[in-house]
Amino acid sequence: MTGPLAAIASAAPAIAMLGCFACIAGGAVLIVRQRNYFKGTLMLVMAAVLLGNVLIWTM
């Protein structure tokens, strides 16, 4: 890939994985501390979707 957006395109999976790890950590904290089980579960689902997107992008 060449062009002005090549650097952004190559960094996108890494940024998405950082977001995935943050969602896993945040969701786990919400569930373990029993603050908001529903939002914690949604954050874990969002992390799974981000992981799936990264897997598709890297194929």
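With everything on Cα atoms, drop me the angle between helix 6-32 and the longest principal axis of the chain, reported from 0 to 90° to the nearest 10. The answer is roughly 10 degrees. Solvent-accessible surface of protein heavy atoms, probed at 1.4 angstrom with all chains present, puts Thr2, Thr41, Thr58 in the order Thr2, Thr58, Thr41, largest first. If you average 1/r over every pair of different alpha-carbon atoms in the chain and take one over that average, what Kirkwood value in Å do you get? Roughly 12.4 Å, rounded to one decimal.
Axis angle, to the nearest 10 degrees, between helix 37-57 and the longest C-alpha principal axis of the chain: 20 degrees.
For the peptides 44-50, 6-12, the ranking by mean Cβ contacts within 10 Å, running from highest to lowest, is 44-50, 6-12.
Please give the per residue accessible area of the chain, computed with a probe of 1.4 Å over protein heavy atoms only, in Å².
Working: 4500 Å² over 59 residues.
Accessible surface, normalised per residue, equals 76 Å².
Keeping the other protein chains in place, figure out the carbon and sulfur percent of the accessible area of the chain, with a 1.4 Å probe. Roughly 75 percent of what the probe reaches on the chain is carbon or sulfur.
The values are calculated or read from the model by the stated rules, or taken from the named source; none is laboratory data. Just so it is clear, the structure is predicted and the values come from calculations on it, not from any experiment. Neighbour counts are summed over all protein chains in view; Cβ atoms, including those assigned to glycine, are modelled from backbone coordinates with ideal geometry. For accessibility, only protein heavy atoms count, side chains too; no ligands or nucleic acids. Shrake-Rupley method; radii C 1.70, N 1.55, O 1.52, S 1.80 Å.
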